[in-house]
């Protein structure tokens, strides 16, 4: 799907407030409500809009420990990789995980209640995965920028 200026307007407003009414969204984009609804449906069907959700403040939700975790694997067989990915995908502490180039194979953003909870995550989960060779933790001291949307 080739996007135009109106699509960018729709996405900008939906990213800012996914609960915006179709009528208000149509007004913002200078469209009729029915044309707006069709355009949003087309964006959803094309996979450009992946899903809708709420943005939760981790600290307010009691998750005061945040870290960027760099994981290096010892083994890269298909079975080991699949087991690692499956295991990480099931953990609520891991809010983001990326396969990356460079010294580490994976970068994860991990949220926990506190340092003790993070230590338990390491000892009872991450260190027990057979493919994991090493883990380096960078503790997040303060958030500089957090944006869930992409710019248009």
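Here are the numbers:
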quantity	calculated
Where residue 14 falls short, out of the listed (1) within 30 Å of residue 115 (Cα to Cα); (2) outside any loop (DSSP other than H, G, I, E, B); (3) out of contact with any strand residue (DSSP E or B) (no Cβ under 9 Å at 6 or more places or on another chain)	(1)
Scan of region 65-81 for residues that are touching a helix residue (DSSP H, G or I) at 6+ places or on another chain (Cβ under 9 Å) and surrounded by fewer than 15 Cβ atoms within 10 Å (Cβ to Cβ), ordered by number	74, 75
Selection within region 98-129 - part of a loop (DSSP other than H, G, I, E, B) and in contact with a helix residue (DSSP H, G or I) (Cβ under 7 Å, 6 or more places away or on another chain)	129
Residue within region 10-18 that is touching a helix residue (DSSP H, G or I) at 6+ places or on another chain (Cβ under 6 Å), farther than 25 Å from residue 99 by Cα and at pLDDT 95 or above present	yes
Filter result (in a helix (DSSP H, G or I) and either surrounded by 14 or more Cβ atoms within 10 Å (Cβ to Cβ) or in contact with a strand residue (DSSP E or B) (Cβ under 8 Å, 6 or more places away or on another chain) (or both)) within region 29-44	29, 33, 36, 37, 39, 40, 42, 43
Lone unmet requirement of (1) within 30 Å of residue 121 (Cα to Cα); (2) in a loop (DSSP other than H, G, I, E, B); (3) modelled with pLDDT of 95 or more for residue 71	(2)
Residue in region 53-65 that is modelled with pLDDT of 95 or more, within 30 Å of residue 134 (Cβ to Cβ), part of a helix (DSSP H, G or I) and in contact with a strand residue (DSSP E or B) (Cβ under 9 Å, 6 or more places away or on another chain) present	no
Odd one out for residue 76 among (1) assigned to a loop (DSSP other than H, G, I, E, B); (2) modelled with pLDDT of 95 or more; (3) over 14 Å from the mean Cα position of the chain (by Cα)	(2)
Any hit, region 89-98, residues being more than 30 Å from residue 14 (Cβ to Cβ) and either touching a strand residue (DSSP E or B) at 6+ places or on another chain (Cβ under 8 Å) or in the same structural domain as residue 13 (by TED's automatic domain parsing) (or both)	no
Filter result (surrounded by fewer than 11 Cβ atoms within 10 Å (Cβ to Cβ) and not in a loop (DSSP other than H, G, I, E, B)) within region 82-97	86, 89, 96
From 20, 49, residue being surrounded by 13 or more Cβ atoms within 10 Å (Cβ to Cβ), assigned to a loop (DSSP other than H, G, I, E, B), on the phi < 0 side of the Ramachandran plot and free of Cβ contacts under 8 Å to residues at least 12 places away in the same chain	20
Pick from region 95-119, criterion within 16 Å of the chain's Cα centre (by Cα) and in contact (Cβ under 8 Å) with a residue 24 or more places away in the chain, ranking: nearest to residue 148 (Cα to Cα)	109
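The values are calculated or read from the model by the stated rules, or taken from the named source; none is laboratory data. Note that this is a predicted model, so its numbers are computed, not measured. Neighbour counts are summed over all protein chains in view; Cβ atoms, including those assigned to glycine, are modelled from backbone coordinates with ideal geometry.
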